[in-house]
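The values are calculated or read from the model by the stated rules, or taken from the named source; none is laboratory data. Source: prediction; values computed, not measured. Cβ coordinates were reconstructed from backbone atoms using ideal geometry, including for glycine residues, and neighbour counts include every protein chain displayed. Ligands, DNA and RNA are excluded from the accessible area calculation, which covers all protein heavy atoms including side chains. Shrake-Rupley method; radii C 1.70, N 1.55, O 1.52, S 1.80 Å.
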Amino acid sequence: MAGAGEVERTDYTPKSSFADDLRVLKAMWFGSVSGDSHQDQLESFYNKQAHLYDQYRHRMLHGRKPLMMNMPVKKGCVWVDLGGGTASNVEFFGKSVMTDWFKSVHVVDLTPSLVRVAKKRVEDNNWGGKVNIILGDATDPNLEGLPPSGSCDVVSISYAVTMIPNWRDVLKNAHRLLKPGGHICVCDFTVDRDSQWGISKTFWKYLFSTDHIYLSEEHIETLQSMFDQTRLEVNYGTFPYVPFFLKCPYYAYIGQKK
Ligand SMILES: C[S@@+](CC[C@H](N)C(=O)[O-])C[C@H]1O[C@@H](n2cnc3c(N)ncnc32)[C@H](O)[C@@H]1O
């Protein structure tokens, strides 16, 4: 339960089945990434698993819950979720979306099949008029449909920085959108400088790169140089059907525009 004066959040836990998990695993491990543009490559990776994305990813994207549970929200919040996929982050605020806690929510993603799932979610939940789904590039400062520069209270990016080749541009776009004092909330897989063995860093970097996901020490450092850090959690997370000792570091970062 939310305390008085706090937005109500929900512990979003989508249900999965073994058969669906197998389909997702097949698409992740044996699906090939093809196409010339970044968008075509993303679509080729996601189109066979878009409708099953939430159930499986929920159990491996461990940074999303602490990020969404700690995302600063004040009344009349304008929230942009960049690389928002199926818009499942909005589910964490399901009961509050249509209240005066949120003025508007904008979810941007470049993959058409995931955007279709996001649009259906908006329809199914009757979030129309409040939650705006935008098919487009999160690094584009001129993307149509986004709120004006300097007008957003929160910009979140969950597990998209590692998938965006020009990732510095998505952080710049987030910075541009935020008002002074607004919050950036980012989570993703990472490399743990302090306590991770070298062989483990090499293993995870290599494994993820085969799916065009690039882990880097520079992501957290760049966030820290661009924003005033208010919260950083670095932890290790498991993957469904993978031995429990094979854990990859992830982070959840919250910072404030100076
Ligand atoms: C691992 S998924 C994470 C999706 C969602 N944020 C979540 O936490 O479930 C990475 C997302 O980044 C999106 N993406 C990658 N590059 C992008 C870009 N340049 N602009 C917008 N979205 C992008 C992909 O389409 C995909 O939905």
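Here are some notes:
- Modelled label positions at Met69 and Lys130, each set 7 Å beyond Cα in the direction of Cβ, lie 2.3 nm from each other.
- Extension gain for Lys95 to Ser149 (0.36 nm times residue separation, less C-alpha to C-alpha distance): 16.6 nm.
- Amide H within-cut-off set for Ile134, under 5 Å, with H built and near neighbours excluded: Val107, Val108, Asp109
- log₁₀ of I(q)/I(0) at q = 0.12 Å⁻¹ - the chain, Debye sum with one point per alpha carbon: -0.69
- Extension gain, Arg176-Ala19: 0.36 nm per intervening residue step, less the Cα-Cα distance, totals 52.2 nm.
- In order along the stretch 56-70, the Karplus-derived 3J(HN,Hα) couplings, from 6.51 cos²θ - 1.76 cosθ + 1.60 at θ = phi - 60°, round to 7, 5, 3, 8, 10, 9, 5, x, 5, 5, x, 5, 6, 6, 10 Hz, and Gly and Pro are given as x.
- The stretch 105-258, Rg to Rh (Cα coordinates; Rh as Kirkwood inverse mean 1/r): 0.99
- Pairs with C-alpha atoms separated by more than 18 Å, drawn from the list Lys74/Lys179; Lys26/Lys247; Lys74/Lys103, are Lys26/Lys247.
- Within a Gaussian network of the chain (alpha carbon springs, distance under 10 Å), most fluctuating of Gly150, Gly84, Gly182: Gly150
- Carbon plus sulfur fraction of accessible area for the stretch 31-256, probe 1.4 Å, in percent: 52
- Ellipticity estimate at 222 nm from DSSP helix runs (n ≥ 4, -39,500 (n - 2.57)) divided over the chain, nearest 500: -9000 deg cm²/dmol
- With viscosity 0.890 mPa s and temperature 25 °C, the Kirkwood radius over alpha carbon pairs of the stretch 67-139 converts through Stokes-Einstein to a diffusion coefficient of 202 µm²/s.
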